[in-house]
1. Is it the case that Y19 is surrounded by 13 or more Cβ atoms within 10 Å (Cβ to Cβ), in contact with a strand residue (DSSP E or B) (Cβ under 6 Å, 6 or more places away or on another chain), of a type in the set (S, T, Y) and touching a residue at least 40 places away in the same chain (Cβ under 8 Å)?
2. Looking at the range 29-58, which of its residues are in contact (Cβ under 8 Å) with a residue 24 or more places away in the chain, farther than 24 Å from D87 by Cα and surrounded by 15 or more Cβ atoms within 10 Å (Cβ to Cβ)?
3. Looking at the range 1-51, which of its residues are out of contact with any Cys (no Cβ under 8 Å at 6 or more places or on another chain), assigned to a strand (DSSP E or B) and of a type in the set (A, V, I, L, M, F, W, C)?
4. Taking the range 61-86, which residues are in a helix (DSSP H, G or I) and in contact with a strand residue (DSSP E or B) (Cβ under 8 Å, 6 or more places away or on another chain)?
Amino acid sequence: MAKHPCVYILASQRNGTLYIGVTGNIAMRVMLHRDGKGSAFTRKYGVHRLVWYEFHEDFGFAIEREKRLKNWRRSWKLELIEATNPDWDDLYDTIQMWAPMD
């Protein structure tokens, strides 16, 4: 199974509740969140919209980036999302086109 280290941000809605995670299979992980099996937090707060993601060369870098992002101010996280996704579109369908499901 191929691993593609990725840091991602899910949102409940535009400017809503945010969740930051790291995974080796972004398509599968977001699908688990959507099915209510990703985490208790995302299930409880309805955080299922993929609004930002970033691939890394290895898990060490991805995990370090995740930790840094979690410590950022909320306003910085919102700016990060809006820099590449100003309309807060759900990016899940676009990732499904090319992300491996293995």
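1. No.
2. H56
3. Listed by number, the residues that qualify are C6, V7, I9, L10, A11, L18, I20, L50, V51.
4. Scanning the range 61-86 gives A62, I63, R65, E66, L69, K70, R74, K77, L80, I81, T84.
Where a number appears in this text, it was derived from the coordinates with a stated rule and is not lab data. Bear in mind that the values here come from a model prediction, so they are computed numbers and not experimental data. Virtual Cβ from ideal backbone geometry, glycine too; neighbours counted across all protein chains shown.
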